[in-house]
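To start, the structure under review is shown below, and the notes come after it.
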Amino acid sequence: MAWIAFFFAMFTAVLLLRVAVLGFFESDGVPVRAGDALLPDRGQITDRNGVPLARDFQSYALWFNPRAMEGGPPLTRPAAEVAKKLVAIFPDMDEADLTRRLASGKGQYLRRRILPAEATKVFAIGEPALNQPAEPSRYYPEGNLAAHVLGYVASDGKGRVGMEQVYDAQLSDPATRGTPVPLSIDARVQAALEDELMRGIGEAQALGAAGIVLDVDTGEVIALASLPSFDPNKIDEEGMKLMFNRVTNQVYELGSTFKPLAVAAAIDAGTVTNLARRYPAGRGLRVGRFTIRDSHSLGASLNVPEALMHSSNIVTAQIADELGSKRMKAKMELLGFNERPRIELPARGFPIWRSGEWPRLTTMTVAYGHGIAVTPLHLASAYAAMVNGGIWRPATLRKLGPGEAPKGRRVFKEATSARMRQMLRMIVVDGTGRKAEAPGFRLGGKTGSAEKPTDGGYARTTLVTTFASAFPMDNPRYVVITMFDEPKGTPATSYQRTAAWNAAPAVGRLVPRIGPMLGVYPDENRDIDLSDLMPLVGGAH
């Protein structure tokens, strides 16, 4: 019994010694916990309400293993016969290409993701070389919803393009991947935005569209869409072409949406003090060898509210001229128009921005959105500052907690912001933005229809149309931007191509859908007080 006890003791000592050797000398230095096996290979991304937008799950792949039968042929039947059986299961596969790949005798993926039912059918073919390994896979349960925000995960397991790339380390780290990453977007608002933009593309036969919903007080992006979109569950050559983000990476001349910003800059600087003052409009404004014109005659003279309501280039140019190049440029810089947009996404376009001292003509054309090109996100952040009391904040796709909103920087005086809220509301009540009116939501905004620049001038047949807005104007909560690329005049738009007929109506349909989701309910008994301005435009209201 003593000898037996001795041998058991020695055996136990050897086991303990081996464990020690493995732990101290042969481990990779990373502590392994039992719970790690339960963690996903990559963390989950959710919307602000916890709705999963990207998650891991185990899926099956279809792998061709020509060495499955050691010493034997790669396949038990001709490659063409096996290919035919596979195409019967996967009709979208090319039979000739599949035959060639099977006949090559090279191990390779035939399909990266197959359903369990499909794996069962492949197993029934009875070919040992057709393996169905279970592999971790990235899955986007909402399909192409918010694809440009999320990005995708490449075959090397690394995030690409969107927030998958931004949070790649956090989503992959065993210490953090168990905690979902919440984004600022609301999946419900995102779906509504994409739906209305798609409707607008169809009605106007546009090449594409972009849109954003932004919290004016925190800079949080509630929705961001660039269309056409791609499906992150299926990255192919066509999908790669659609990954360009129109909201953050493409710069545009956004036309008359700049006019309220120019007027706000002039009010802020004190060069506009009397809103009743009338500026000559007429048939054109001669500046050197150039003539600034309006799209049509708006009368002999206009005051500031009328100039914004009817979108006068001539009057806005005069206001900017009185403000002066130095002050105009400084205000545009405070709004961030001279740098890439502030947001976490890696793809951010640099504005077309004239450095150095601005000539007089540049100052005047920038006032109505020509000669400067920015992203729709630039415009959204600028409008947020114009209506929220004057504070510019960077946009973010992170969900912010209480007290986490950045302090920002003051761009406009509070009094200027209050006055601009009135005039933006007037544009929707009785100006070019009338088709955006959403009863009870007190919406305000400005249309912009800009010809696309070409070599030596502008293409009169191609427009970029934009509606920049905010609601409710008596206490602004959200900025909404919609933009369409090369809309056509169709029966659905009364054969008109301008923003008043496509971008503005899209916002008018969107706001009643998303307002209640965001805690803004219609109230037709409330509105911003316009009583001191309406007499300046005839007092009809």
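Looking for something open to solvent by 20 Å² or more (accessible area, probe 1.4 Å), under 25 Å from Val507 (Cβ atoms) and among the hydroxyl-bearing types (Ser, Thr, Tyr) - is there at least one such residue anywhere in segment 404-423? No, that holds for no residue.
Of the residues making up segment 243-260, those that are closer than 13 Å to Ser311 by Cβ and among the hydroxyl-bearing types (Ser, Thr, Tyr) are Ser256, Thr257. Among the residues of segment 396-425, those that are in contact with a Pro (Cβ under 7 Å, 6 or more places away or on another chain) and either at pLDDT 95 or above or over 29 Å from Met163 (Cα atoms) (or both) comprise Lys399, Met420, Arg421, Met423, Leu424. Looking only at residues in segment 275-327 that are free of Cβ contacts under 8 Å to residues at least 12 places away in the same chain and in a strand (DSSP E or B), the one that is surrounded by the fewest Cβ atoms within 10 Å (Cβ to Cβ) is Arg286. Only one of Arg477, Arg442 is at pLDDT 95 or above, open to solvent by 50 Å² or more (accessible area, probe 1.4 Å), over 15 Å from Glu196 (Cβ atoms) and touching a Phe, Trp or Tyr at 6+ places or on another chain (Cβ under 9 Å); which? Sole residue among the options that is at pLDDT 95 or above, open to solvent by 50 Å² or more (accessible area, probe 1.4 Å), over 15 Å from Glu196 (Cβ atoms) and touching a Phe, Trp or Tyr at 6+ places or on another chain (Cβ under 9 Å): Arg477.
Annotation note: Cβ proximity below 8 Å between a residue of segment 110-121 that is under 17 Å from Asn65 (Cα atoms) and a residue that is of a type in the set (Phe, Trp, Tyr) and surrounded by 13 or more Cβ atoms within 10 Å (Cβ to Cβ) (sequence gap 6+ or interchain) occurs for Leu110/Trp63; Leu110/Phe64; Arg111/Phe90; Arg113/Tyr60; Ile114/Tyr60; Ile114/Phe90; Ala119/Tyr60.
Which of the residues belonging to segment 240-252 are part of a loop (DSSP other than H, G, I, E, B) and surrounded by fewer than 18 Cβ atoms within 10 Å (Cβ to Cβ)? Once the filter is applied, which keeps residues that are part of a loop (DSSP other than H, G, I, E, B) and surrounded by fewer than 18 Cβ atoms within 10 Å (Cβ to Cβ), segment 240-252 yields Leu242, Phe244. Within segment 183-239, restricting attention to residues that are hydrophobic (A, V, I, L, M, F, W, C), in a helix (DSSP H, G or I) and open to solvent by less than 10 Å² (accessible area, probe 1.4 Å), the residue that is nearest to Lys488 (Cα to Cα) is Ala204.
Taken over segment 139-179, residues that are closer than 19 Å to Leu227 by Cα, surrounded by 15 or more Cβ atoms within 10 Å (Cβ to Cβ) and either of a type in the set (Lys, Arg) or out of contact with any Phe, Trp or Tyr (no Cβ under 7 Å at 6 or more places or on another chain) (or both) amount to 11. Scanning segment 499-520 for residues that are in contact (Cβ under 8 Å) with a residue 60 or more places away in the chain and either in a loop (DSSP other than H, G, I, E, B) or of a type in the set (Lys, Arg) (or both) yields Asn502, Arg509, Arg513, Gly515, Val520.
Count, please, the residues in segment 359-373 that happen to be closer than 14 Å to Leu261 by Cα and not in a loop (DSSP other than H, G, I, E, B). Qualifying residue count for the region: 4.
Within segment 253-273, is there a residue that is of a type in the set (A, V, I, L, M, F, W, C), more than 30 Å from Asn338 (Cα to Cα) and either touching a His at 6+ places or on another chain (Cβ under 8 Å) or open to solvent by 20 Å² or more (accessible area, probe 1.4 Å) (or both)? There is no residue in segment 253-273 that is of a type in the set (A, V, I, L, M, F, W, C), more than 30 Å from Asn338 (Cα to Cα) and either touching a His at 6+ places or on another chain (Cβ under 8 Å) or open to solvent by 20 Å² or more (accessible area, probe 1.4 Å) (or both). Among the residues of segment 71-109, the one identified as open to solvent by less than 60 Å² (accessible area, probe 1.4 Å), out of contact with any helix residue (DSSP H, G or I) (no Cβ under 8 Å at 6 or more places or on another chain) and in contact (Cβ under 8 Å) with a residue 40 or more places away in the chain is Gly107. Within segment 35-94, take every residue that is in contact with a Ser or Thr (Cβ under 7 Å, 6 or more places away or on another chain) and of a type in the set (A, V, I, L, M) and give me the one that is modelled with the highest pLDDT. It comes out as Leu53.
Tell me, please, whether a residue that is closer than 28 Å to Val464 by Cα, in a helix (DSSP H, G or I) and over 18 Å from the mean Cα position of the chain (by Cα) can be found in segment 391-409. No: segment 391-409 contains no residue that is closer than 28 Å to Val464 by Cα, in a helix (DSSP H, G or I) and over 18 Å from the mean Cα position of the chain (by Cα). Candidates are the residues of segment 127-138 that are at pLDDT 90 or above and open to solvent by 20 Å² or more (accessible area, probe 1.4 Å); the one that is farthest from the chain's Cα centre (by Cα) is Pro128.
The set of residues in segment 503-529 being more than 13 Å from Glu437 (Cα to Cα), touching a Gly at 6+ places or on another chain (Cβ under 7 Å) and open to solvent by less than 10 Å² (accessible area, probe 1.4 Å) is empty. Looking across segment 157-195, the residues that are under 22 Å from Ile235 (Cβ atoms) and without any contact (Cβ under 8 Å) to a residue 12 or more places away in the chain come down to Lys158, Arg160, Asp168, Ala169. Residue check: Thr447 meets all listed conditions (1) assigned to a strand (DSSP E or B); (2) under 19 Å from Ile514 (Cβ atoms) but one, namely (2). Answer with yes or no whether Pro351 is closer than 20 Å to Ser256 by Cβ, open to solvent by less than 20 Å² (accessible area, probe 1.4 Å), in contact (Cβ under 8 Å) with a residue 12 or more places away in the chain and not hydrophobic (A, V, I, L, M, F, W, C). In short, yes.
Identify, please: which residue in segment 483-500 is surrounded by fewer than 24 Cβ atoms within 10 Å (Cβ to Cβ) and among the hydrophobic types (A, V, I, L, M, F, W, C) and is, among those, farthest from Gly445 (Cα to Cα)?
Ala492
The values are calculated or read from the model by the stated rules, or taken from the named source; none is laboratory data. Remember, it's a predicted structure, so these values are computed and weren't measured experimentally. Please note: Cβ atoms are built from the backbone with ideal geometry, for glycine as well, and neighbour counts cover all protein chains shown. Ligands, DNA and RNA are stripped out before the accessible areas are found, and what is left, the full protein with its side chains, is counted by its heavy atoms. Shrake-Rupley method; radii C 1.70, N 1.55, O 1.52, S 1.80 Å.
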